[in-house]
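Have a look at the structure below before the remarks.
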Amino acid sequence: MKIEKSDSRLLGCNHEQIELMQKAIDADENNDLSKAIILLKKVIAIRPSVPYAFGLLASIYIDEAKLLDKKFNYEKENKRYIRRRRKLYRTALFLLEKALDLKSDWIGAVLVSARACEQLGLLNRALRYYDLYLATNPKRADIYYDVGLIYEYRKNYHTAKALYKKALLFDNENEVYRKRLKKMEILSEHDTCRNPKR
C-alpha cells in the first residue's frame, strides 16, 4: 500500500529513502521482519535522518526479545539467552535514543525507551523517561503503577504508596492497584516504626 508523502512515518526521508521506508513498513505489517530490518538499515545508511526508521527497527528488536522471553521463560541460568536478550534491548534503546534525537516530542518512543531501560535494569534512566512521558500524559494510571513498582523494588515504600494512590485516582476500580497500595501501607508503616525520623 502506497503511503502518502505527508505521512509522519516518512518524516526526514529524502527521495531515495521514501520508497525504501514504504517497503520496510509493508514488510513489517506483513510480518516479514528480516526484510524490514534490511530495508530499515538501508534507510539509515543513506542518511540517519528518519526517526521512524530508528523507532521501527527498535520495536522489531524489542519484539524479538519478547519472543525470546516466551521461548526461554526468563531462564536465568541460560547465559546465551540472557546475553541475546540484553543485546536486543541495548540495541533497541540505542535506536530509540537516535529517534528521540531527531524527534524529541515523539512521546511513544519516550515510553518505549522507559520500558527498555527498565528491562536493562537502568532504573534511574527509566524513571527519567517515565517522568517525561507523564508530563505529557498525566492521566495514565498504568504508568504510575509501573513507576510505583520501581520504587517498591528499591524499598522506597512511601513513594510507591503515593504512586499507587495516583494510579487509583485515574483507575479507581483496579483491584491490582488496590492490593498493591494496601501492601505498601503495611510496609511503609513498618518502615516508619523502624526509622521514626522519616
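Of all residues in the range 65-78, none satisfies being within 26 Å of Arg154 (Cα to Cα), open to solvent by less than 80 Å² (accessible area, probe 1.4 Å), out of contact with any Leu (no Cβ under 7 Å at 6 or more places or on another chain) and of a type in the set (A, V, I, L, M, F, W, C). Within the range 116-128, the set of residues being part of a helix (DSSP H, G or I), free of Cβ contacts under 8 Å to residues at least 40 places away in the same chain and within 27 Å of Lys76 (Cα to Cα) comprises Cys117, Glu118, Leu123, Asn124, Arg125, Ala126, Leu127.
Restricting to the range 144-163, and then to whatever is surrounded by fewer than 18 Cβ atoms within 10 Å (Cβ to Cβ) and among the hydroxyl-bearing types (Ser, Thr, Tyr), can you tell me which residue is farthest from Ile186 (Cα to Cα)? The residue in question is Tyr153.
Scanning the range 167-186 for residues that are open to solvent by less than 50 Å² (accessible area, probe 1.4 Å) and either modelled with pLDDT under 95 or in a helix (DSSP H, G or I) (or both) returns Ala167, Leu168, Tyr177, Leu181, Met184. Entry remark, the range 23-51: residues being closer than 11 Å to Leu95 by Cβ, open to solvent by 10 Å² or more (accessible area, probe 1.4 Å) and not hydrophobic (A, V, I, L, M, F, W, C) number 2 in total.
Would a scan of the range 98-110 turn up a residue that is without any contact (Cβ under 8 Å) to a residue 12 or more places away in the chain and open to solvent by less than 90 Å² (accessible area, probe 1.4 Å)? The answer is no, given that none of the residues of the range 98-110 is without any contact (Cβ under 8 Å) to a residue 12 or more places away in the chain and open to solvent by less than 90 Å² (accessible area, probe 1.4 Å).
Among the residues of the range 13-22, those that are surrounded by fewer than 18 Cβ atoms within 10 Å (Cβ to Cβ) and either in contact (Cβ under 8 Å) with a residue 40 or more places away in the chain or touching a helix residue (DSSP H, G or I) at 6+ places or on another chain (Cβ under 9 Å) (or both) comprise Asn14, Glu16, Ile18. As for the range 135-143, it holds at least one residue that is surrounded by fewer than 21 Cβ atoms within 10 Å (Cβ to Cβ), hydroxyl-bearing (Ser, Thr, Tyr) and assigned to a helix (DSSP H, G or I). For the range 30-81, the tally of residues that are under 16 Å from Leu10 (Cα atoms) and at pLDDT below 95 stands at 0.
Can you tell me how many residues within the range 117-131 are open to solvent by 20 Å² or more (accessible area, probe 1.4 Å) and either over 15 Å from Glu97 (Cβ atoms) or not basic (Lys, Arg) (or both)?
Residues flagged as open to solvent by 20 Å² or more (accessible area, probe 1.4 Å) and either over 15 Å from Glu97 (Cβ atoms) or not basic (Lys, Arg) (or both) within the range 117-131 amount to 8.
The values are calculated or read from the model by the stated rules, or taken from the named source; none is laboratory data. No experiment lies behind these values; they were computed from the predicted model shown. Virtual Cβ from ideal backbone geometry, glycine too; neighbours counted across all protein chains shown. Calculation scope for accessible area: heavy atoms of the full protein, side chains included, ligands and nucleic acids excluded. Shrake-Rupley method; radii C 1.70, N 1.55, O 1.52, S 1.80 Å.
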